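First up is the structure itself, then whatever we jot down about it.
The values are calculated or read from the model by the stated rules, or taken from the named source; none is laboratory data. Note that the coordinates shown come from a computational prediction; the quantities given were computed from them, not determined experimentally. No Cβ is skipped: glycine too gets one built from the backbone with ideal geometry, and neighbour counts run over all protein chains shown. We work out accessible area using only protein heavy atoms, side chains counted, and drop any ligands, DNA or RNA first. Shrake-Rupley method; radii C 1.70, N 1.55, O 1.52, S 1.80 Å.
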Amino acid sequence: MSDERIASSEQETAVVVDRSDHPISRRRIPENVLKVLYRLHRSGYRAYLCGGSVRDLLMMRTPKDFDIATDAHPAEIRRLFRNSRIIGRRFRLAHVIFQDMIVEVSTFRREPERGTDENAELLITDDNTFGSPLQDARRRDFTINALFYNIADFSVIDYVGGLDDLNQKRVRVIGDPDIRFREDPVRMMRAIEFASRLGFEIEHDTYEAILRHRTEILKASPPRVAEEILEVLRRGWSREAFRRMVDSGLLEPLLPEVYRAIAGDRTPYFWKMTEVLDRTVQSGRKISDAVLLSVLLLPWVMDELEQEEKRKPKLRIGEVMLFIRELIQPVCARMALPATTRHHIEQAVETLWRLLEPPSDRRSQIRFVYREPFHDALALLELYAFSSGKYVEVFRQWQSFAQRVRRAEAEAPPPARRRRRRRHA
Ligand code: ATP
Ligand code: MG
């Protein structure tokens, strides 16, 4: 097919919304992003804003990042921008680097060719075939994520019905959901994530396909899955996302232990805890990955610890640590978490357990405050106490005790320098 024919058939497929009929204003696009778009355009290339930024701008939300799609090839982009570099091996794209931001510029791509064999493995392994704007829109995950903003005339281009779905508040897979979810099972988690974040519904066929393919999430790369889980916790829509992951059955194959602990109504505090957590991170407070993941694991771990204590009353300190370590190690391995994160989770949960029954002497209490995991454990205790209604007083006491210790430390005179005696030979 010649280029011209692609262009004309694509124009027929696309809905183009003029500047006067959509709310995207250039004032809401950072200057550096505009610079990149304009330079590409003036050099004779197509230059589109794409992905999440167009969706968010249309919804009057602030985009997390601004990605650009173009028909310039990576080497051409590299030549056009001195402050750029090519990254990625599987999928080569360019980063244009400014002092305070990186703008990602990628060449229009199409989905890699698939064999015709019905049972052929669908998982995508090679991703580097250039394509047309239509093909680039179609290889994206959801219709609302496949809109373009064209700097040439400030129009919005929609090849896949994304504008309609945006208006109807729907997350819909592009193409056949059975194929698209098998190609990349992480898309099932992303569907839930976008629906939770934006307050959208998952369109019927898309949702049915999640129900059908949910166990295939185990074929996805564990670090990508862990990153998606961390993302919902970090960005403050975990309650809604975990609710939907439980209801759709996606959590069960991934984290069966956690699923069993939170799915029934045995641990209503988990839902309260994620609600408090979401509010906390949305207010801008930084919470460590270890605490975020501990929140998810807590109902299960606390359950197991309580049962262990019934079997063996008065667990000793070393025994608690060993028990926690053996319990969570296989889960952390399945999620491919870095060893340091796993270690911090173990320490945070163990310290939390010990904070619940504070030592009686002051010296041990002070030592506690100076232990490295104290900060994480106190954050976890705060979430646990205010959502379960248990241990609120214990939390308050630790909090004010830690403040007093720190204040005393700040006010204390610096320790006197010891004089070095000169040694004479
Ligand atoms: P966010 O606001 O969280 O950054 P986003 O929509 O920009 O959301 P990204 O993960 O940054 O999402 O990805 C950018 C774009 O790349 C998406 O909007 C989508 O078009 C495409 N994309 C990302 N992941 C996939 C995937 N697994 N399959 C197909 N397309 C994808
Ligand atoms: Mg993005």
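Listed values, structure above:
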quantity	calculated
Helix 392-411 axis, angle to the chain major axis (alpha carbon atoms, nearest 10°)	80 degrees
P(r), alpha carbons of the stretch 192-302 - 5 Å bins starting at zero, rounded %	2, 12, 22, 26, 21, 13, 4, 1
Cα-derived Rg to Rh of the stretch 128-235, Kirkwood definition	0.98
Apportionment of accessible area to carbon and sulfur, the stretch 169-323, percent (1.4 Å)	50 percent
Estimated dipole of the stretch 169-323 in Debye, rounded to 20 [Cβ of Lys and Arg +1, of Asp and Glu -1, Cα centre]	420 debye
Fluctuation leader among 42, 197, 27 - the chain, Gaussian network, Cα springs under 10 angstrom	27
Of 408, 377, 94, the one that fluctuates the most in a GNM where the chain has Cα springs shorter than 10 Å	408
For the chain, built as a Gaussian network whose Cα springs stay under 10 Å, the top-fluctuating residue of 228, 309, 275	309
Area projected by the alpha carbon convex hull of the chain, averaged over all directions, nm²	30.8 nm²
Once the Cα gyration tensor of the stretch 353-409 is diagonalised, semi-axes √(5λ) in Å	19, 11, 11
Over the chain, relative contact order from alpha-carbon pairs under 8 Å, at least 6 apart, %	10 percent
Rounded tilt (10° steps) of 222-235 against the dominant C-alpha axis of the chain	80 degrees
Over the stretch 319-374, relative contact order from alpha-carbon pairs under 8 Å, at least 6 apart, %	37 percent
Heavy-atom surface of the chain, accessible at 1.4 Å and reported per residue (Å²)	54 Å²
Antiparallel bridge percentage (DSSP; both residues within the chain; nearest 5)	80 percent
Convex hull volume of the stretch 212-365 per residue (C-alpha atoms, cubic angstrom)	130 Å³
